[in-house]
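Only one structure is covered here, and it is reproduced in the block below.
Every number here is computed from the coordinates shown, using simple stated rules; none is lab data. Worth saying up front: this structure is predicted, and the values here are computed from it rather than measured. With ideal geometry, Cβ positions are generated from the backbone for all residues, glycine too; neighbour counts draw on all protein chains shown.
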Amino acid sequence: MEKTSNNAALNQTFNLLKFTFVIVPIVAGLDKFLNLLTNWEQYINPSFESILPFAGTTFMMVCGVIEIIAGIIVWKKPDIGGLIVAGWLTLIALSLLLGWNYVDVAVRDLVMAIAAFSMARFAKEV
């Protein structure tokens, strides 16, 4: 009986994480085009922005497309998508930490990366 209870808890946890990492990247990705939630350009590391061959707005739109694709991959292949989202969030956090800007957001993104990695691991068990 305990094994069944553990499986149910694992399935519920996995589904909650999967739902989160499908919806959040897609919403954040779409908002890179709308800037309703925030002005996303403010999160670009200034030293990185200075070497971009195009405007920060364009860069954020490219990031938005990547995030939308990542959310769709999580939906279809959560074991692979979770690793992609975890890596993406880690890169974002490192960029923020290198500029020592928005350290609170960087820490949050690292925590989310751990959750996405955990979801990818759960995907192999459920």
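Note on the stretch 73-87: residues that are surrounded by 15 or more Cβ atoms within 10 Å (Cβ to Cβ) and closer than 23 Å to Tyr43 by Cβ amount to 8. Residues in the stretch 1-23 that are without any contact (Cβ under 8 Å) to a residue 60 or more places away in the chain, under 13 Å from the mean Cα position of the chain (by Cα) and surrounded by fewer than 18 Cβ atoms within 10 Å (Cβ to Cβ) were compared, and the one that is farthest from Ala116 (Cα to Cα) is Ile23.
Test Ile44 against the criterion of being within 14 Å of Ser95 (Cα to Cα) and either surrounded by 14 or more Cβ atoms within 10 Å (Cβ to Cβ) or within 17 Å of the chain's Cα centre (by Cα) (or both), and give yes or no.
Values: within 14 Å of Ser95 (Cα to Cα): yes; either surrounded by 14 or more Cβ atoms within 10 Å (Cβ to Cβ) or within 17 Å of the chain's Cα centre (by Cα) (or both): yes.
Taking the combined requirement at face value, the residue satisfies it.
Taking first residues from the stretch 65-79 that are over 11 Å from Phe21 (Cα atoms) and partners that are of a type in the set (A, V, I, L, M) and part of a helix (DSSP H, G or I), the Cβ contacts under 6 Å between residues at least 6 apart in sequence or on separate chains come to Asp79/Ala120; Asp79/Ala123.
Consider Glu125 carefully, then state whether it is surrounded by fewer than 18 Cβ atoms within 10 Å (Cβ to Cβ) and among the charged types (D, E, K, R). First the steps, then the outcome.
Values: surrounded by fewer than 18 Cβ atoms within 10 Å (Cβ to Cβ): yes; among the charged types (D, E, K, R): yes.
Answer is yes for this residue.
Quick check: is even one residue across the stretch 11-20 out of contact with any Phe, Trp or Tyr (no Cβ under 9 Å at 6 or more places or on another chain) and aliphatic (A, V, I, L, M)? The answer is yes, given that some residue of the stretch 11-20 is out of contact with any Phe, Trp or Tyr (no Cβ under 9 Å at 6 or more places or on another chain) and aliphatic (A, V, I, L, M).
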